[in-house]
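Reviewing the structure listed below.
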Amino acid sequence: MNIDVSSIPTTIDMFHLILVILSLISLSLLVMKRKSAANQTNETTDTIQPVIPQEPIQEKEPPKPAQLKEASPDAALQLLTLLQQDARFIDFIKEDLSSYSDADIGAAARVVHEGSKKTLDTYFSLESVRNEDEETRISLPEGFNASEVRLTGNVVGEAPFNGTLIHKGWKVTDIKLPKIAAGHNTAIVAPAEVEL
Amino acid sequence: MSASMDANESNNTNMDVTKVETSTRYSIGIDLGTTHCVLSYLDLTAAAENPTEKVEVSVLSIPQLSQPGLIEEKKQLPSFIYRAHESELSKDDIALPWNEDPKVIAGSIARGLGSKTPIRLVSSAKSWLCHSGIDRHADILPAGSPEEVSKISPLTATVEYLDHLRNAWDHQFPDAPLTEQEVTITIPASFDPAARELTAEAASHLSFDHLTLLEEPQAAVYNWIKSCGDNWREQVTVGDIILVVDVGGGTTDLSLVAVTEDEGNLTLNRIAVGDHILLGGDNMDLALAYRVKAKLAQEGKELQPWQIQAIVHACRDAKEQLLLDNDINEVAISIPSRGSKLLGNTLRTELTRSEVQESLVEGFFPKVSVNEHPVAARRSALSQKGLPYAQDPAVSRHLAAFLSRQADAASDLLEGATADDFIKPSAILFNGGVLKAPALANRMLSIINQWLSDADVKEARLLTDSDLDLGVAIGASYYGYVKQGQGVRIRGGLASTYYVGIESSMPAIPGMEPPLEALCIAPFGMEEGTEAQASNTEFGLIVGEPVHFRFFGSNVRRHDEAGIQLDHWQDNELEELPELQATLPAEGRKVGEIVPVHLVAKVTEVGTLKLEAIAIGSTDDSGEPERWHIELDVRS
């Protein structure tokens with residue numbers, strides 16, 4: 001089996017793998033953000049009452065505490081379940097890679113990559129934030145969306161900003177996660193399996 | 001059976017009496033497939049309000065469990081039922097949006113669970129439903145499982161799929177219950193009268209108000225017409241013969257449609273249907289999986305049964321890439337371990353383009369001449385327990401046999417279409433998931449065109465269809481719209497001529513069966529809502545005792561009228577179907593008395609064949625001749 005796998009595809013696999021993990025992390029961040037944004041509107045209506053009676057204070061205004069939302073654990077657990085189911089994600093991450101050859105890791109990485117891709121394609125519609133090629137110069141007009149585009153490096157001056165597009169970014173345009181039955185225990189992301 | 005049949009009958013009568021159109025807002029098409037079910041719908045009210053606009057057909061997203069506790073919406077409902085052990089799943093894990101405690105686990109989750117516990121998986125219920133060698137009302141599925149697993153009948157399984165679709169629909173459209181809509185259920189063109197009757201019986205459990213059965217290849221043609229709009233008239237001309245090749249997950253279904261002219265309008269006529277061939281995409285996935293298994297065995301790696309399952313899945317995905325027109329030459333197949341240790345235990349191999357080419361393109365679509373027909377003779381349907389899978393995997397040989405057999409199918413309708421060694425289609429319509437793969441579709445087309453050019457005939461052109469997976473369901477709901485008087489309707493009627501066997505009276509000769517004659521009771525092309533009577537022959541029914549008739553069908557003898565008695569016919573012209581049974585209740589008569597009757601055949605509005613015995617010379621209380629139902633599906 002070791003002879004079968006040449007080293008070149010293996011390195012490509014590692015690259016893919018890292019990409020997958022990176023995109024998963026950014027994805028889960030995105031999901032949490034979305035959830036929190038959704039929760040925020042609800043909570044402001046609930047909590048707006050106590051803020052109004054506050055008299056304007058002449059002295060130095062104390063900073064208002066930011067409204068923080070709990071990311072819904074169910075959604076995160078569900079995503080873990082789906083990734084474990086299709087991509088063996090937890091199995092893979094929980095392994096100690098140090099004692100295995102790149103060929104072994106490569107074979108397993110294919111399982112993780114194929115499964116993760118399937119999961120992403122099924123439940124999320126992803127597109128890049130910027131459509132220009134990476135490593136090309138782009139210009140950001142005044143009032144650009146700061147949550148979509150992050151400025152780095154020599155951040156000085158006024159818009160329009162001219163710079164090099166390093167990463168084209170990803171945004172989820174549609175999300176279609178399965179619904180969860182009310183009594184379902186989402187904490188079991190992979191049940192133990194016993195063959196009779 | 002007779003009780004449920006009577007209920008069915010009275011439904012049909014009710015339907016005619018209470019045809020209230022007010023609540024019928026949608027035309028629904030249901031593709032009740034061997035491996036997947038799809039439901040499509042067309043808003044008849046909206047279509048009537050905007051007659052100039054192109055009609056819109058949508059496909060219902062069907063909520064279903066994808067795994068315990070997770071509910072997903074998918075366009076297809078896998079036709080599987082899982083008969084879970086009572087300690088296997090908790091109530092919360094199988095709740096559905098419309099039922100927190102369902103009794104049946106169907107759809108994606110059933111297929112998933114069943115891949116690990118096959119003894120509890122009900123699959124291919126449709127193939128069992130048309131398997132005449134078994135009692136289709138008997139609880140036999142999952143086939144061959146231990147006694148402890150609670151079983152259901154092929155009929156019940158069909159009812160459950162319909163019920164899931166009904167619930168999904170009613171959940172989404174609470175104001176327009178499915179049973180009140182115009183519902184069209186598709187069936188293979190090759191379904192025999194008993195299988196059609198069983199499908200209608202399954203539907204009658206849900207009491208649809210307006211139900212019609214439609215042959216799948218016809219539905220594919222309707223889908224094509226719908227996607228062309230008014231353009232379809234420019235794509236075909238009078239004299240065209242359209243060949244519909246439908247290769248789905250489990251079956252291959254063939255039909256021929258001739259284009260004629262009637263008072264200046266183009267008319268479509270379904271002139272022939274093929275035999276029931278249990279051969280489809282699933283066979284292809286298995287073929288690849290066994291190939292990969294053999295390859296691993298050569299490397300000294302023996303596979304466990306669960307690994308074969310995993311390979312079948314992996315091959316299905318790999319196949320799709322390798323059959324596309326691209327430059328991928330191999331796809332890796334990885335089979336992960338079952339335990340949590342992934343590294344070091346993952347088997348890896350690859351599937352190459354040439355292997356797929358060899359196994360699928362050459363294996364299932366070999367280049368053969370039109371004279372090469374399936375090798376093995378059809379096995380007798382009555383002598384086997386399993387499903388009667390096609391023994392020859394070559395779709396092209398089955399197609400060659402069909403075209404040869406139907407050589408003169410069009411000679412009645414089209415001038416100049418002379419009987420030849422095979423019928424020559426001028427246009428081809430593909431349907432079914434398998435033919436989505438360009439490599440397979442191109443091969444199929446090139447084989448047919450080779451036959452045509454060998455016979456010095458112009459090559460056939462491909463009619464482009466939209467969605468090969470959802471097409472049948474979409475075509476079915478479009479048919480419900482066409483039925484309201486919009487657009488062209490395909491003329492069909494019975495696709496076979498039906499006969500009952502009569503033993504001729506002659507002195508007994510040892511070692512020789514008395515010769516059999518066949519009395520035609522229902523002619524080819526008999527249309528919905530019509531009746532035929534073989535009034536020249538009398539049969540004697542014995543009161544209080546079941547009387548059996550041998551029953552035959554022919555899809556090549558298309559000129560026999562009802563009442564004609566054949567004393568000889570060519571081999572393979574007539575095919576024996578499961579026998580018929582008539583039982584006269586003893587009411588008002590002496591048990592053992594013999595009542596003379598005529599046989600009457602009727603094609604119902606639903607699209608099923610009904611046979612009745614009419615008493616000669618005796619009437620019931622209202623002065624009408626007495627009628628008794630003859631059962632097509634005899635329970636053993």
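Just so you know, all these numbers are worked out from the coordinates, no wet-lab data involved. None of the values given here were measured: they were computed from a predicted structure. With ideal geometry, Cβ positions are generated from the backbone for all residues, glycine too; neighbour counts draw on all protein chains shown.
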Item to check | Paramagnetic reach from A:Ser125 in segment A:168-188 [backbone N under 12 Å; point 7 Å along Cα→Cβ] | outcome: A:172-176
Item to check | Per-residue average of Cβ from other chains inside 10 Å of B:329-340 | outcome: 4
Next on the checklist: Taking the alpha-carbon distance from B:Lys126 and a cut-off under 24 Å, which lysines remain once sequence neighbours fewer than 8 residues away in the same chain are dropped?
Outcome noted: B:Lys74, B:Lys75, B:Lys103, B:Lys116, B:Lys151, B:Lys385, B:Lys436, B:Lys610
Checklist outcome for this item: Computed from every Cα-Cα pair in the protein assembly as shown, P(r) in 20 Å bins starting at 0 and rounded to whole percents is 13, 40, 32, 11, 3, 0, 0
Checklist outcome for this item: Per-residue average of other protein chain Cβ atoms inside 10 Å, peptide B:343-351 -> 6
Checklist entry - On average, how many beta carbons from a partner chain sit within 10 Å of the beta carbon of a residue in B:70-76? => result 4
Checklist outcome for this item: When the charge dipole of segment B:497-631 is computed with +1 at the Cβ of Lys and Arg and -1 at the Cβ of Asp and Glu, the Cα pointing farthest to the positive end, of B:Phe552, B:Gly592, B:Ser535, is that of B:Gly592
Checklist entry - Dipole size in debye (nearest 20) for chain B around its Cα centre, Lys and Arg Cβ +1, Asp and Glu Cβ -1? => result 2240 debye
Checklist entry - Long-range amide H contacts for B:Ala534: which residues qualify at under 5 Å (H placed 1.01 Å from N, peptide plane, sequence gap of 5 or more or a different chain)? => result B:Leu599, B:Ala601
Item to check | Ascending count of other beta-carbon atoms within 10 Å, so fewest first, for B:Ser622, A:Ser125, B:Ser496, B:Ser124 | outcome: B:Ser622, A:Ser125, B:Ser124, B:Ser496
Item to check | Residue among B:Ala318, A:Pro63, B:Ser411 farthest towards the positive dipole end of the protein assembly as shown, charges placed on Cβ | outcome: A:Pro63
Checklist entry - So how do B:Asp285, B:Asp253 line up by other beta-carbon neighbours within 10 Å, fewest first? => result B:Asp285, B:Asp253
Checklist entry - What does the helix-only formula give at 222 nm for the protein assembly as shown: each DSSP H stretch with n ≥ 4 adding -39500 (n - 2.57), the total divided by the residues, and the result rounded to the nearest 500 deg cm²/dmol? => result -9500 deg cm²/dmol
Item to check | Overall dimensions of segment B:292-404 as given by Cα atoms, namely Rg and Dmax in Å | outcome: 18.2, 57
Next on the checklist: Show me the ranking of peptides A:101-112, B:470-481 by mean Cβ neighbours inside 10 Å, starting with the highest.
Outcome noted: B:470-481, A:101-112
Next on the checklist: Which lysines, if any, have their Cα less than 19 Å from the Cα of B:Lys483, not counting same-chain residues under 8 positions apart?
Outcome noted: B:Lys19, B:Lys54, B:Lys226
Checklist outcome for this item: Computed Rg/Rh for chain B (Cα atoms; Rh = Kirkwood radius) stands at 0.97
Item to check | Volume in Å³ per residue [convex hull over Cα atoms, computed for segment B:497-631] | outcome: 131 Å³
Checklist entry - Tally Lys/Arg at +1 and Asp/Glu at -1 over every other residue whose Cβ is under 15 Å from the Cβ of B:Glu147; what's the total? => result +1
Item to check | Most to least packed among A:158-168, B:263-273 [average Cβ atoms within 10 Å] | outcome: B:263-273, A:158-168
